[in-house]
Amino acid sequence: MNGASPYDAMLMAWFALAPVTFVVLSFVTAPYGRYARKGWGPSVNPKVGWALMESPALCLMPILFFLGEQIRNPVAIVFLLLWLFHYAYRTLAFPMLLGKGTTAMPVSVAVFGLVFNVVNGYLIGLGLFGVGSQYLSSWLLDPRFTVGAGVFFAGFAMHYHADAILRSLRKPGESGYRIPRGGMFRFISCPNYFGEMVEWGGFALATWSLPATAFFLWTVANLAPRALSHHRWYKETFAEYPMDRRAFIPFLL
């Protein structure tokens with residue numbers, strides 16, 4: 001391994017897999033939600049599926065924090081709180097807010113997501129809270145942190161608001177789709193995905209770390225192809241779909 005530690009090798013492999021994932025998902029749309037289809041094994045209630053696959057991210061990071069060497073470091077505590085802020089929503093609140101008409105999730109998709117969150121949580125947790133991680137308290141005043149944290153919260157607000165708009169499109173018991181309007185939907189088809197990309201880009205900047213940067217690349221690799229698929233689906237399904245909307249980056253893509 002030319003002197004590289006197992007952690008370094010794992011992180012570099014994680015970086016290398018992100019563009020591969022982007023290419024694969026550009027041709028094979030993950031089979032959940034509106035793209036659910038047979039051939040992916042048994043399915044589970046989407047509330048259970050989402051909570052299952054996101055739970056390692058919520059649980060593993062605090063474990064690595066308390067096992068690490070940064071337990072009294074205020075910067076590490078802030079990083080942990082930022083992480084938990086997102087994953088408390090994604091693991092606990094988001095699944096419970098899903099409507100009854102949401103399509104069941106294949107167990108295979110939930111398992112893939114669970115494995116991803118275990119690996120990703122391990123890499124980021126060890127990178128931020130491990131022995132080699134040293135952040136001085138002054139980092140909280142560094143422009144990289146302050147700008148990154150602001151971008152993080154802006155991205156969260158964007159995708160949270162988009163999620164709320166999407167939920168409001170269905171009345172109780174309905175399972176169809178409508179054209180979402182309002183908020184960032186005025187400009188793009190998938191502000192929920194764009195917001196999450198912005199959020200993790202902000203986290204990568206705020207932490208100034210390679211594992212968080214790898215996570216940002218994975219977020220783009222996973223969500224950008226799906227956003228493009230959503231955009232095509234909307235235009236093919238609704239003749240009156242606004243033609244000036246982009247897929248997930250306002251005015252560009």
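Brief remarks on what is shown
- A single entry from 51, 76, 16 fulfils the requirement of being under 22 Å from residue 197 (Cβ atoms), in a helix (DSSP H, G or I), among the small types (Gly, Ala, Ser) and not assigned by TED's automatic domain parsing to the domain that holds residue 229: 16.
- Lone qualifier among 185, 152, 194 - being among the hydrophobic types (A, V, I, L, M, F, W, C), in the same structural domain as residue 227 (by TED's automatic domain parsing), within 25 Å of residue 31 (Cα to Cα) and crowded, with 20+ Cβ neighbours inside 10 Å: 194
- Any hit, segment 126-136, residues being free of Cβ contacts under 8 Å to residues at least 60 places away in the same chain and among the aromatic types (Phe, Trp, Tyr): no
- Being farther than 26 Å from residue 162 by Cβ, out of contact with any His (no Cβ under 6 Å at 6 or more places or on another chain) and in contact (Cβ under 8 Å) with a residue 40 or more places away in the chain is a property that holds for residue 73.
- Close pairs from segment 93-111: first assigned to a helix (DSSP H, G or I), partner polar (S, T, N, Q), Cβ under 8 Å, at least 6 apart: 107/43
- Meets criteria (of a type in the set (Ser, Thr, Tyr), at pLDDT 95 or above and buried (at least 18 other Cβ atoms within 10 Å of the Cβ)) for residue 32: no
- Number of residues in segment 149-174 that are over 14 Å from the mean Cα position of the chain (by Cα) and touching a residue at least 60 places away in the same chain (Cβ under 8 Å): the value is 6.
- In segment 54-73, the residues that are loosely packed, with under 15 Cβ neighbours inside 10 Å and not in a helix (DSSP H, G or I): 69, 71, 72
- Residue check for residue 91: surrounded by fewer than 21 Cβ atoms within 10 Å (Cβ to Cβ) and closer than 23 Å to residue 30 by Cβ: no
- Scope segment 115-142; condition over 18 Å from residue 14 (Cα atoms), surrounded by 14 or more Cβ atoms within 10 Å (Cβ to Cβ) and hydrophobic (A, V, I, L, M, F, W, C); matching residues: 129, 139, 140
Condition check ((1) part of a helix (DSSP H, G or I); (2) under 29 Å from residue 253 (Cβ atoms); (3) modelled with pLDDT of 95 or more) across all residues:
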{"site": "124", "(1), (2), (3)": "yes, yes, yes"}
{"site": "127", "(1), (2), (3)": "yes, no, no"}
{"site": "148", "(1), (2), (3)": "yes, yes, yes"}
{"site": "153", "(1), (2), (3)": "yes, yes, yes"}
{"site": "167", "(1), (2), (3)": "yes, yes, no"}
{"site": "174", "(1), (2), (3)": "no, no, no"}
{"site": "178", "(1), (2), (3)": "no, yes, no"}
{"site": "204", "(1), (2), (3)": "yes, yes, yes"}
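The values are calculated or read from the model by the stated rules, or taken from the named source; none is laboratory data. No experiment lies behind these values; they were computed from the predicted model shown. A quick note on method: Cβ atoms are made from the backbone with ideal geometry, for glycine too, and the neighbour counts reach across all protein chains shown.
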